[in-house]
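The values are calculated or read from the model by the stated rules, or taken from the named source; none is laboratory data. Note that the structure is a prediction, hence the values are computed from the model and not measured. Positions of Cβ are backbone-derived with ideal geometry, glycine not excepted, and every protein chain shown enters the neighbour counts. Remember, those area values only see protein heavy atoms, side chains included, never the ligands or the DNA or RNA. Shrake-Rupley method; radii C 1.70, N 1.55, O 1.52, S 1.80 Å.
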Amino acid sequence: FGGMGGKRTEIDYFPNATIAEYGMVDNDVDAIMAEIYARGPVAATINAEPIVEYSGGVFNSEEYSQSTNHIVSIVGWGMD
């Protein structure tokens, strides 16, 4: 991120947030969809390097490392 002109800044305000429950969901599309339907968005880890220049649409590629360096929220499903 820094290599692309981004800057790191400290957080000076911490919102008051609580978590009612948490857990793990199997890496299975039906299980993830059921969890989103029942409780809302789920967090997932991804390798963000391939999407640095993302311009839209559904990203689907198996040519990159499966290592993770970023967390995203999955909020729903469907077609772009």
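Which of the trypsin sites (Lys or Arg not before Pro) found in the chain are in a DSSP loop and have at most 14 neighbouring Cβ atoms, other than their own, within 10 Å?
Answer in residue order: LYS7, ARG8.
Using θ = phi - 60° and the Karplus relation 6.51 cos²θ - 1.76 cosθ + 1.60, list the HN-Hα couplings for segment 18-23 in order, rounded to whole Hz, with x at every Gly or Pro.
10, 10, 6, 7, 8, x
Suppose only helical runs count, i.e. DSSP H with n ≥ 4. What mean residue ellipticity at 222 nm does that imply for the chain under -39500 (n - 2.57) per run, divided by all residues and rounded to the nearest 500 deg cm²/dmol?
Result for the chain, helices only: -4000 deg cm²/dmol.
For the chain, what does the relative contact order come out to in percent, with C-alpha contacts under 8 Å and a separation of six or more?
Value for the chain: 29 percent.
Under a 5 Å amide H to amide H cut-off, with H placed in plane at 1.01 Å, what residues pair with ALA48 once short-range neighbours are removed?
The answer is ASN69, HIS70.
Can you list the HN-Hα couplings for segment 51-65, worked out from phi with the Karplus curve (6.51, -1.76, 1.60; θ = phi - 60°), rounded to whole Hz and with x for Gly and Pro?
9, 4, 9, 4, 10, x, x, 8, 8, 8, 8, 10, 8, 10, 4
For VAL42, what accessible surface area do you get with a 1.4 Å probe? Give it in Å², rounded to 10.
20 Å²
How do MET33, MET4, MET79 rank by accessible surface area computed with a 1.4 Å probe, from largest to smallest?
Solvent-accessible surface, decreasing: MET79, MET4, MET33.
Taking each pair of different alpha-carbon atoms in segment 17-80 once, compute 1/r for the pair, average those values, and report the inverse of that mean as the Kirkwood hydrodynamic radius in Å to one decimal.
Every distinct Cα pair counted, the radius reaches 13.6 Å.
In whole Hz, with x marking every Gly and Pro, tabulate ³J(HN,Hα) for segment 36-43 from phi via Karplus 6.51 cos²θ - 1.76 cosθ + 1.60, θ = phi - 60°.
Calculated HN-Hα couplings, in order: 4, 4, 7, 10, x, x, 10, 8 Hz.
For a quick check of understanding: with a 1.4 angstrom probe and all protein chains in place, what accessible area in square angstrom does SER55 have, to the nearest ten?
Accessible surface of SER55 is approximately 120 Å².
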